[in-house]
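Computed from the coordinates by the stated procedures, all read-outs in this text should not be read as laboratory data. Since the model is a prediction, treat every value here as computed from it, not as a measurement. Cβ sites come from the backbone with ideal geometry, for glycine too, and all protein chains shown count toward neighbours.
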Amino acid sequence: MVRIRRFLKTFESYAALVIFIILFCAAFIIAVHAFGNAGSGRLAVAFLDVGQGDAIYIESPTGVQVLIDGGPDKSVLAELSSVMPFFDRSLDALVVTNPDQDHFAGFIDVLNRYDVSTFIEPGVEKLSGSWEDLERRVGEEGAARVVARRGQSIDIGGGAVIDILFPDRDVAGVESNTGSIIARLRYGASSVLLMGDSVKGVEEYLVSLDGPHLRSDILKIGHHGSRTSTSDALLFAATPAIAIISAGKDNRYGHPHQEVIDTLRRFNVETLITANENTVLFESDGVLFRRID
């Protein structure tokens, strides 16, 4: 009887170890393949569901990782863990499109978990304790600080490039949404236009500068679908097939505003809202973007 009990205990321990190894290997494989695309020749873009805020994860065909905006709180960490391997603890760049809480607050938690090489900002002055905490944390990290200006092109590898379209001047004393970074991600014939919280006046100014060069497959709608953004002029120039609105469910601002939804419908643009869709993933082979379910 004693021998049988010992055998059963040994068997149970062995079985538990085998199960652990199987589960660990499965988790490892899923983490590597769920969204890791280094060396795959594909560009990955994820519009993360961080509630009432913005956060966009980009991974180039060569594995360079960029996070544009960090959302309003630490919820960005859970979303990053869904698109990055669990063992990955570094990001090549953080980009804050404007120094409002719903765009940068989550970066403090990101910096506490991930090693970050570069921090890119618009240069808008912001006097708040939270922003000062972020600046201090960036300094402690030793990340290079870059002020975004029109004409800069950030090569993220494999032919993928982030072009800075705005600001085109010093925006130190400008209202934060007006001074927001606007960028266009391009890879081969595919592209994404990222509007930050930009207002209609800036959109129209940008159209006067770039016109049809703004054409993009995907448009990240400005200011969470507020009526202050998404002009007809921008939609005529960009001609997107898909629009992404990053907004929290039942948020107190009423975003996205019905006027914006109606405008997008009038332009026959498929509209995806993170409050309804959760995190939205896309992959491009340099020709077309396809959604990853």
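Data for the structure
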read-out: Using alpha-carbon coordinates, inclination of helix 129-141 to the longest axis of the chain, degrees; value: 60
read-out: Computed label-point distance, nm, for sites residue 88 and residue 133 using a 7 Å Cα→Cβ extension; value: 2.7
read-out: Per-pair calculated FRET efficiency, R0 = 22 Å: residue 141 and residue 101 via Cβ, rounded to 0.05; value: 0.65
read-out: Antiparallel content of DSSP bridges confined to segment 36-292, in %, to 5; value: 60
read-out: For the chain, size of Cβ-based charge dipole, Lys and Arg +1, Asp and Glu -1, in debye; value: 1140
read-out: Among 109, 163, 210: highest mean-square fluctuation, GNM of the chain, C-alpha pairs under 10 Å; value: 210
read-out: 10 Å binning of all Cα-Cα separations within segment 80-189, expressed as whole percents from 0 upward; value: 14, 42, 36, 8, 0
read-out: Antiparallel bridge percentage (DSSP; both residues within segment 192-293; nearest 5); value: 30
read-out: Helical mean residue ellipticity (222 nm; -39500 (n - 2.57) per DSSP H run of 4+; nearest 500) of the chain; value: -10500 deg cm²/dmol
read-out: Most fluctuating residue given options 159, 173, 41, as computed from a GNM of the chain linking Cα atoms under 10 Å; value: 173
read-out: Separation of alpha-carbon centers, segment 143-207 and segment 261-293, rounded to whole Å; value: 20
read-out: Formal net charge of residues neighbouring residue 233 (Cβ-Cβ distance under 10 Å; K, R +1; D, E -1); value: -2
